Structure formats: structure tokens, C-alpha cells
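The values are calculated or read from the model by the stated rules, or taken from the named source; none is laboratory data. What you see is a predicted model; the values in this text were computed from it and never measured. When we count neighbours, we look across all protein chains shown, and the Cβ atoms used for this are built from the backbone with ideal geometry, even at glycine. What goes into the accessible areas is simple: the full protein's heavy atoms, side chains included, and nothing from ligands, DNA or RNA. Shrake-Rupley method; radii C 1.70, N 1.55, O 1.52, S 1.80 Å.
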Amino acid sequence: MGNEMISSVLLLVLMQSAGAHCARRFRGGRNPQPRRPPPPPTYRAERGDTTESFPLDFTAVEENMDNFMTQVKNLAQSLYPCSAQKLDYDMKLNFLENTSVTCNDGSPAGYYLKESRGSRRWLIFLEGGWYCFNKENCDSRYETMRRLMSSSKWTQTKTGTGILSPLPEENPHWWNANMVFIPYCSSDVWSGATAKTEQSGYAFMGSLIIQEVVKDLLNKGLDNAKVLLLAGSSAGGTGVLLNVDRVAELLEGLGYTGIHVRGLSDSGWFLDNKQYHCTDCVDAVSCAPTETIKRGIKYWGGVVPERCRQTHEGEEWNCFFGYRVFPSIKSPVFVVQWLFDEAQLTVDNIQLTGQPVQEGQWRYIQNLGIELRNTLKDVPAMFAPACLSHEVITRNYWIDVQVKGTSLPRALHCWDRSLHDNRNNKAPPKGCPVHLIDSCPWPHCNPTCPTIRDQFTGQEMNVIQFLMHMGFDVQKMAQQQGMDPSKLLGMLSSGS
């Protein structure tokens with residue numbers, strides 16, 4: 001390696017490592033220790049003072065690049081004057097320039113932005129938060145969850161976590177991107193395009209808000225982007241499926257043909273399945289998924305992707321369900337979905353608190369996992385752990401969950417590489433999987449699933465405790481699987 005190359009590497013690593021180190025200090029110690037800490041520095045005492053010494057070994061750099069980089073990072077962390085300046089990594093609130101596009105109550109819609117000058121990658125995140133579908137339950141939502149219908153109490157800054165984090169140890173592949181968080185204040189699964197009327201009492205402009213944010217960002221550096229990742233969780237994840245092609249078409253129509261638009265849908269792949277038991281359709285939680293969307297799409301003036309609308313003309317509500325809309329989407333989309341999604345179970349009227357579940361409920365839960373696997377089998381890029389949870393990409397534990405030995409950030413990185421290689425007619429990278437789905441049949445049979453806590457005691461539960469709490473019959477299940485009960489218990493304990 002030549003001296004020029006070494007100098008470039010030194011400069012790059014000094015800048016990145018110092019920035020990350022300062023970020024750790026000024027974040028109140030949210031993640032004070034890197035997951036793979038470098039070897040500790042050596043210390044020596046001179047004139048009564050303790051100073052740090054970082055000897056650098058430049059020999060055999062090519063043969064041992066990892067060790068060399070570790071030494072440089074240690075040096076950078078000691079030299080960077082963190083105490084002299086406070087680095088601000090928070091996203092800052094901006095209201096839309098087009099004031100006619102508003103939240104439900106007519107207050108201005110907006111977005112939070114953290115620019116990363118020099119980066120040509122942009123991540124726009126759509127917040128989730130259920131929805132309302134008539135005047136009565138929208139009024140109730142406005143009284144109890146006003147933050148999701150109005151911008152009047154939004155804070156001036158927001159701290160990014162998970163895939164929105166600026167810390168490389170929490171967000172290994174997207175930490176340096178331009179980050180945009182769009183608060184959810186339209187209650188329409190990001191589909192609405194109608195102004196406030198006397199009859200509805202509210203504006204439903206979710207789809208228009210996304211369009212206006214993208215237009216505003218073109219004046220803030222998005223015009224020079226290479227990649228735009230439209231991401232979202234829960235209702236925001238469904239919003240990605242509904243809007244990713246519209247964003248691509250908007251940019252193309254404005255002449256920005258060099259920006260590659262992609263989607264990342266987290267916990268928004270819902271099923272229009274039959275509820276475990278039917279209840280009166282009062283709100284979004286108690287009502288069957290198909291019924292709420294049928295009512296909502298009319299109330300919101302909801303907009304769905306054109307190709308999907310043509311396929312389901314007269315029944316456009318179908319386009320809110322992932323497996324029905326996905327075949328019509330042209331943009332690349334990565335789907336993240338827990339096989340046992342808590343929100344799906346809630347709308348299916350399966351309650352997992354209080355008494356252990358009955359055998360019929362247990363069968364329903366298992367069948368849900370089977371149904372979800374079937375709808376995902378033809379999705380080329382996806383990550384589906386057999387866990388009972390909801391949302392993941394903005395959680396700080398998102399890097400810990402694995403499917404078949406691959407973490408979600410790693411899978412997304414592989415997806416990035418595969419898309420880049422496809423554009424350049426290269427073979428996809430080996431040993432870099434992008435289609436990851438658990439095959440084990442029970443909730444939390446994956447040992448890397450997020451921790452479950454007892455609803456009443458707050459105590460952590462292991463897999464066996466959780467399954468027993470849910471009414472899992474080890475003897476019966478072992479008999480069904482044709483194995484010894486003790487062997488089944490051992491498999492459960494190890495997460496096999």
C-alpha cells in the first residue's frame with residue numbers, strides 16, 4: 001500500500017471514528033460501549049500525570065489491515081477534541097413550504113431532517129400509529145392521541161434510533177445517510193389526498209405530505225442523491241408499499257432520473273384474514289382489517305398505486321394488504337415482518353395478556369405464522385423472524401435479531417450490494433443472503449427474538465416460560481411431532 005493510500009485511509013478513519021466517539025459522549029451514554037471494543041490503549045506516567053500512548057505499527061499493513069485500522073481508530077478517539085465542541089446529531093423540525101398540505105386538524109405538516117453533507121444517500125422514514133375511519137373514532141383519536149393528528153405539540157428536534165441513528169455501532173450501514181423522519185399526523189395509512197371538509201371534519205393528506213416533503217428536500221440536497229430509501233414501520237410500513245412507486249414517478253417526472261428509489265416496509269405486511277372471533281366494528285383495534293380499510297378508504301379519499309387499482313377496480317381496499325399490492329410495485333422493496341405480529345393478532349382478536357391462551361387460539365397463532373410465510377415466499381428480499389413483536393427498524397435492538405445467522409442490517413447491506421451489482425450486470429455477492437425467513441413453528445422459537453416480559457410482573461420470560469404462559473402443552477406437542485417431550489424441551493431451551 002502506498003503512502004498516499006495510507007494517508008487517505010488515516011484521514012477517513014480519523015474523521016469517522018472521531019465523529020462516532022463524540023456522538024457516544026454527547027448522547028448521554030445510550031450506547032457507551034462498542035459491541036466489539038478495540039484493544040485498550042497502553043498508559044504511561046510522566047511527571048506525575050497519566051497520559052495515553054498509542055504506538056502505531058506501520059509494518060505489514062497489507063497483511064493485517066484490520067489491526068492497523070483498530071490502531072488508527074484508537075488514535076482518533078484520543079486526539080479528537082470532543083470536549084471543545086458539542087456535535088448535534090439530532091434531526092430538526094421543518095414545516096412544509098406548501099401550507100395547504102396539512103395534518104388532520106389543519107395544522108401544518110412537516111418533517112425532521114439531519115443533513116449529512118457529502119453523502120448522496122437519503123433515508124425518509126414514515127412513522128406508524130394505527131388510523132381512524134369515521135368521524136366518531138377520529139374524534140376519539142383526537143382527544144386521546146392528538147400528536148398523531150396535529151403538529152401543535154411537536155418538539156423542535158428528534159433523536160434518531162435504529163436505522164435512523166447516526167452512530168455506526170447502532171446503525172452500521174446507514175449511519176452517515178441524510179436522515180428524514182416524517183411524523184404521522186394524517187391517520188390514513190399515508191394514503192389520503194383530501195382537504196378538510198365540514199362533513200369529515202378532518203383533512204386526510206398522508207400521500208400528499210410525502211410528495212411535498214420530497215419536493216422540499218430537493219432544495220436541501222436530495223437533487224444530488226444517488227439512493228433514496230423510503231422506509232416506515234406499522235402503518236408507515238404499509239405507507240411505503242402504497243407510495244414508493246409514486247415517489248419514484250414524482251422524481252422521474254421532475255427530471256431526477258438518476259435517483260434510485262427503494263422501499264423498506266417494516267411490520268406493515270398485514271393479512272386480510274378471518275378474525276379468531278368477530279366483534280362489533282367500533283374502532284381500528286376491534287374491527288376486522290378488511291372492514292376498517294373498506295370504510296377508511298372512502299372516508300380518507302385514499303389513493304392506491306395505479307397498477308394495483310386497475311387490478312382491483314371497485315375493491316381498491318385490497319391494495320392495503322402487502323401480498324396483494326406487492327406484485328404491482330415496480331420499485332425494489334425489502335419487507336421486514338415478524339411472523340407473529342402483535343398488531344395482526346390484536347386485530348384478529350387474539351389477546352395475549354391475562355389467562356393462558358386456549359387450544360383454539362394456539363392453533364390460530366400457529367396458522368398465522370404459516371399463512372404469513374406463504375404470502376412472503378415470492379418476495380425476493382425479506383427478513384421474517386419467528387417472533388411475537390411489532391416494529392423493529394427503529395429499535396435499538398434491531399441489530400441483535402438474526403434469521404439463519406444473518407442480522408437485519410447485514411441483510412439490508414447485502415440487498416444494497418445486490419441492487420448495485422444488478423445495475424452493473426455483476427453476479428450477486430456470494431454468502432450475502434437477502435431472502436431470510438424462519439422455519440421454526442412457534443412464537444419466539446428464534447433465540448435472538450426481543451425479550452418478552454410478563455405483562456403483570458414485568459419479569460423477563462425465557463422461551464419455555466413464555467410458551468407455558470400461552471398454554472403450550474409440551475406433552476401433546478411432542479406427541480404431534482413424534483418426539484420425546486424432554487428432547488422437545490431441550491430444543492425449545494436452545495432455540496432450535
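Filter the range 387-401 down to residues that are of a type in the set (S, T, N, Q) and out of contact with any Cys (no Cβ under 8 Å at 6 or more places or on another chain), then give me how many there are.
Residues of the range 387-401 that are of a type in the set (S, T, N, Q), as a first pass: 389, 394, 396.
Subsequent filtering for residues that are out of contact with any Cys (no Cβ under 8 Å at 6 or more places or on another chain) retains 394, 396.
Residues that pass the stated criteria total 2.
More than 16 Å from the chain's Cα centre (by Cα) and of a type in the set (Val, Ile, Thr) - does that describe any residue in the range 133-149?
yes
Hey, can you tell me all the residues within the range 108-122 that are in a loop (DSSP other than H, G, I, E, B) and open to solvent by less than 20 Å² (accessible area, probe 1.4 Å)? Give the steps one after another, and end with the answer.
The first filter runs over the range 108-122 and keeps only residues in a loop (DSSP other than H, G, I, E, B), leaving 109, 115-120.
Correct list: Ala109, Ser116.
Assuming Gln199 fulfils every condition listed in (1) assigned to a helix (DSSP H, G or I); (2) over 27 Å from Trp398 (Cβ atoms); (3) open to solvent by 30 Å² or more (accessible area, probe 1.4 Å) apart from one, which condition is it?
Every condition holds for Gln199 apart from (1).
Tell me the residue from Asn219, Asn176, Asn171 that is without any contact (Cβ under 8 Å) to a residue 40 or more places away in the chain and either in a strand (DSSP E or B) or over 24 Å from Tyr323 (Cα atoms) (or both), please.
On the way: Asn176 fails: without any contact (Cβ under 8 Å) to a residue 40 or more places away in the chain; Asn171 fails: without any contact (Cβ under 8 Å) to a residue 40 or more places away in the chain.
None of the others qualify; the one that does is Asn219.
How many of the residues making up the range 123-163 are among the hydroxyl-bearing types (Ser, Thr, Tyr), open to solvent by less than 10 Å² (accessible area, probe 1.4 Å) and over 17 Å from Val213 (Cα atoms)?
Qualifying residue count for the region: 0.
State all residues of the range 164-183 that are open to solvent by 30 Å² or more (accessible area, probe 1.4 Å) and within 20 Å of Asn224 (Cβ to Cβ); if no residue qualifies, say none.
Correct list: Trp175, Asn176.
Here is a check on your reading of the model: is Glu212 of a type in the set (D, E, K, R), open to solvent by 10 Å² or more (accessible area, probe 1.4 Å) and at pLDDT below 95?
On the way: of a type in the set (D, E, K, R): yes; open to solvent by 10 Å² or more (accessible area, probe 1.4 Å): yes; at pLDDT below 95: no.
Answer is no for this residue.
Against the condition at pLDDT below 90 and open to solvent by 20 Å² or more (accessible area, probe 1.4 Å), how does Pro356 come out, does it pass?
Values: at pLDDT below 90: yes; open to solvent by 20 Å² or more (accessible area, probe 1.4 Å): yes.
Yes, satisfied.
Anything in the range 388-405 that is assigned to a strand (DSSP E or B) and surrounded by fewer than 20 Cβ atoms within 10 Å (Cβ to Cβ)? List them, or say none. Walk me through how you get there before you give the answer.
Taking the range 388-405 first, the residues assigned to a strand (DSSP E or B) are 388-389, 402-403.
Correct list: Gln402 only.
The rows are residues; the columns are (1) modelled with pLDDT under 95; (2) among the basic types (Lys, Arg); (3) closer than 20 Å to Ile209 by Cβ; (4) crowded, with 21+ Cβ neighbours inside 10 Å.
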{"position": "Gly236", "(1), (2), (3), (4)": "no, no, yes, yes"}
{"position": "Leu250", "(1), (2), (3), (4)": "no, no, yes, no"}
{"position": "Gly253", "(1), (2), (3), (4)": "no, no, yes, no"}
{"position": "Gly263", "(1), (2), (3), (4)": "no, no, yes, yes"}
{"position": "Asp266", "(1), (2), (3), (4)": "no, no, yes, yes"}
{"position": "Trp269", "(1), (2), (3), (4)": "no, no, no, yes"}
{"position": "Cys281", "(1), (2), (3), (4)": "yes, no, no, no"}
{"position": "Ala288", "(1), (2), (3), (4)": "yes, no, no, no"}
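For the range 301-387, which fully contained helices (runs of 4 or more DSSP H) count at least 1 residues that are in contact with a strand residue (DSSP E or B) (Cβ under 8 Å, 6 or more places away or on another chain)? Show your work before the answer.
On the way: elements: 306-311, 322-325, 342-347, 359-376.
Fully inside the range 301-387 and qualifying: 322-325, 342-347, 359-376.
A quick yes/no check of all residues on (1) out of contact with any helix residue (DSSP H, G or I) (no Cβ under 7 Å at 6 or more places or on another chain); (2) more than 21 Å from Gly160 (Cα to Cα); (3) without any contact (Cβ under 8 Å) to a residue 24 or more places away in the chain; (4) not small (Gly, Ala, Ser):
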| site | (1), (2), (3), (4) |
| --- | --- |
| Ile399 | no, no, no, yes |
| Ala411 | yes, no, no, no |
| Asn422 | yes, yes, yes, yes |
| Pro433 | no, yes, no, yes |
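With (1) in contact (Cβ under 8 Å) with a residue 24 or more places away in the chain; (2) assigned to a loop (DSSP other than H, G, I, E, B); (3) not charged (D, E, K, R) as the list, and Ala427 as the residue in question, which single condition is left unmet?
Just one mismatch for Ala427, condition (1).
Could you list all residues from the range 156-207 that are acidic (Asp, Glu) and closer than 24 Å to Val401 by Cα? Before the answer, list the steps.
Of the range 156-207, the ones acidic (Asp, Glu) are 169-170, 188, 198.
Correct list: Glu169, Glu170.
Conditions tested, residue by residue: (1) at pLDDT 65 or above; (2) surrounded by 14 or more Cβ atoms within 10 Å (Cβ to Cβ).
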{"position": "Asp416", "(1), (2)": "yes, yes"}
{"position": "Cys440", "(1), (2)": "yes, yes"}
{"position": "Lys476", "(1), (2)": "yes, no"}
{"position": "Ser496", "(1), (2)": "no, no"}
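Out of all the residues in the range 93-104, which are out of contact with any helix residue (DSSP H, G or I) (no Cβ under 6 Å at 6 or more places or on another chain), open to solvent by 40 Å² or more (accessible area, probe 1.4 Å) and not in a strand (DSSP E or B)?
Thr99, Ser100
Looking at Asn243, Asn219, which is the one that is modelled with pLDDT of 95 or more, open to solvent by 10 Å² or more (accessible area, probe 1.4 Å) and either within 22 Å of the chain's Cα centre (by Cα) or among the polar types (S, T, N, Q) (or both)?
On the way: Asn243 fails: open to solvent by 10 Å² or more (accessible area, probe 1.4 Å).
Of Asn243, Asn219, the one residue that is modelled with pLDDT of 95 or more, open to solvent by 10 Å² or more (accessible area, probe 1.4 Å) and either within 22 Å of the chain's Cα centre (by Cα) or among the polar types (S, T, N, Q) (or both) is Asn219.
Mind listing whichever residues of the range 303-330 are exposed (fewer than 15 other Cβ atoms within 10 Å of the Cβ) and small (Gly, Ala, Ser)?
Residue satisfying the conditions is Gly314 alone.
Go through Leu250, Leu208, Leu241, Leu148 for me and flag whichever is hydrophobic (A, V, I, L, M, F, W, C) and more than 26 Å from Cys138 (Cα to Cα). So that I can check it myself, show each step before the final result.
Numbers: Leu208 fails: more than 26 Å from Cys138 (Cα to Cα); Leu241 fails: more than 26 Å from Cys138 (Cα to Cα); Leu148 fails: more than 26 Å from Cys138 (Cα to Cα).
None of the other options fit; the residue is Leu250.
If you check every pair at least six apart or on different chains, which have Cβ atoms under 7 Å apart with a residue in the range 304-323 that is of a type in the set (S, T, N, Q) first and a residue that is open to solvent by 10 Å² or more (accessible area, probe 1.4 Å) second?
Thr311/Ser328; Asn318/His312; Asn318/Arg324
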